[in-house]
Amino acid sequence: MNLVLPATMSSFLHQRPIQNPFSNAYPISPRSSSSLQRPISIFSPTGLTILLSLMVILGVFAPWSGMPQSMFSNSKRASSSISKWRDYSLAEAASFVAKNGTIIVCAVSQPYLPFLSNWLISITRQKHQEKVLVIAEDYATLDKVNEKWPGHAVLIPPALDSQTAHKFGSQGFFNFTARRPRHLLQILELGYNVMYNDVDMVWLGDPFPYFEGNHDVYFTDDMAAVKPLNHSHDLPPPGKKGRPYICSCMIFLRATDGAKLVMKKWIEELQAQPWSKAQKANDQPAFNWALLKTAGVVDLYLLPQAAFPTGGLYFKNKTWVQQTKGMHVIIHNNYILGFEKKIKRFRDYGLWLVDDHVLESPLGRL
């Protein structure tokens, strides 16, 4: 088998001596250049040397030709994208997602991303997903959500430790939930109505028709006791602990002075009842004290139980569920602790949507 070099390569070899890249040998003698004009056997020492040299040259330099610019530009774009979202302000994010002056907010740390996706699928089915703002409590969540769904996540410093923030009863959990009224107050002060949800919820219907009238704060009862369908919408009376038992996980606030007052009072109550090993506080008692202490000056509205049942009722009272079939709007998977237990319960009731419908989520497959 003979190797015939193209005219351009033959000319190149005449003009420049070739050096073996694997040794310190001197260039081929000019006297041998005349022999390069004749066909060279690929199995001859000279042919093998030339072929090996070409392979090395092509192997080293060809893959890089035209690549560095694209590689570095992709890296630069990725870095620029991350930097952009790290500088993204709440005001910018709120302006981007708000529709008709309203925002739907959740606060999420990385372990809750599967629940976020499940919740978003249910909201997408009600066509309200575009007004969702994810308040990321750690940078991993911020980057992931904005990578999949640009502009829909913001981090309000400081970032928290995502691994401790999800353990109910821990100081990390308290620190996580205690930020909630500050986030909501900031959004109200920007002039937006805001709906807050925990992400262990699923929407079965559109909740916005239930925010009738012009009340300041809308909320749900966290008690499992059955109420009559025509129950009062006033703040329920205090229980054994001297306060009501309202859920702080589903709230709708209008951008009014009354709603802002409740948020400020909630913040004060949290400061007055900090977490300790002896008193493992969370945000809900403080919210109830805030409602109780502002009830005389703020227009409060208890949402209908049939539409917004607590998990202690929906998942534990089959008779009631059957009697109120078709009335359920948002289901809260509370009255149970642990990710796996919550997921199993959702699956048992056909509410873990990410199993078969993950692509309906704006985040796609995580």
Point to revise | Tally, over region 319-366, of residues that are part of a loop (DSSP other than H, G, I, E, B) and either surrounded by 13 or more Cβ atoms within 10 Å (Cβ to Cβ) or touching a residue at least 60 places away in the same chain (Cβ under 8 Å) (or both) | key: 18
Revision key, fill the gap. Given (1) open to solvent by 20 Å² or more (accessible area, probe 1.4 Å); (2) of a type outside the set (Phe, Trp, Tyr); (3) touching a His at 6+ places or on another chain (Cβ under 8 Å), Ala306 misses just (1)
Practice item. Looking for whichever is at pLDDT 95 or above and closer than 11 Å to Pro304 by Cα here; the options are His215, His233. Which one fits? Key: His233
Study note, to complete from the structure: Conditions (1) closer than 25 Å to Ile104 by Cα; (2) modelled with pLDDT under 95; (3) in contact with a helix residue (DSSP H, G or I) (Cβ under 6 Å, 6 or more places away or on another chain) -> Trp275 fails only (1)
Check your understanding: Taking region 83-127 on its own, how many of its residues are assigned to a helix (DSSP H, G or I) and not hydroxyl-bearing (Ser, Thr, Tyr)?
Key -> 22
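Do we find that Gly239 is open to solvent by 40 Å² or more (accessible area, probe 1.4 Å) and more than 29 Å from Ala98 (Cβ to Cβ) in this structure?
yes
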Revision key, fill the gap. Only one of Leu184, Leu235 is touching a Leu at 6+ places or on another chain (Cβ under 7 Å) and within 24 Å of Ala93 (Cβ to Cβ), namely Leu184
Check your understanding: Which number in (1) at pLDDT below 95; (2) open to solvent by 40 Å² or more (accessible area, probe 1.4 Å); (3) of a type outside the set (Gly, Ala, Ser) marks the one condition that Pro111 misses?
Key -> (2)
Exercise for review: Please find, among Val194, Val202, the residue that is open to solvent by less than 40 Å² (accessible area, probe 1.4 Å), at pLDDT 95 or above and closer than 26 Å to Gln271 by Cβ.
Suggested key: Val194
Point to revise | Residue in region 285-298 that is farthest from Asp200 (Cα to Cα), counting only those that are surrounded by fewer than 16 Cβ atoms within 10 Å (Cβ to Cβ) and touching a residue at least 24 places away in the same chain (Cβ under 8 Å) | key: Val297
Check your understanding: Does any residue of region 259-273 turn out to be within 15 Å of Asp200 (Cβ to Cβ) and either open to solvent by 30 Å² or more (accessible area, probe 1.4 Å) or assigned to a helix (DSSP H, G or I) (or both)?
Key -> no
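The values are calculated or read from the model by the stated rules, or taken from the named source; none is laboratory data. Remember, predicted model here, so these are calculated numbers, not experimental data. Reconstructed Cβ throughout: ideal geometry from the backbone, glycine too, with neighbour counts over all protein chains shown. All accessible areas refer to the heavy atoms of the entire protein, side chains included, with ligands and DNA or RNA removed. Shrake-Rupley method; radii C 1.70, N 1.55, O 1.52, S 1.80 Å.
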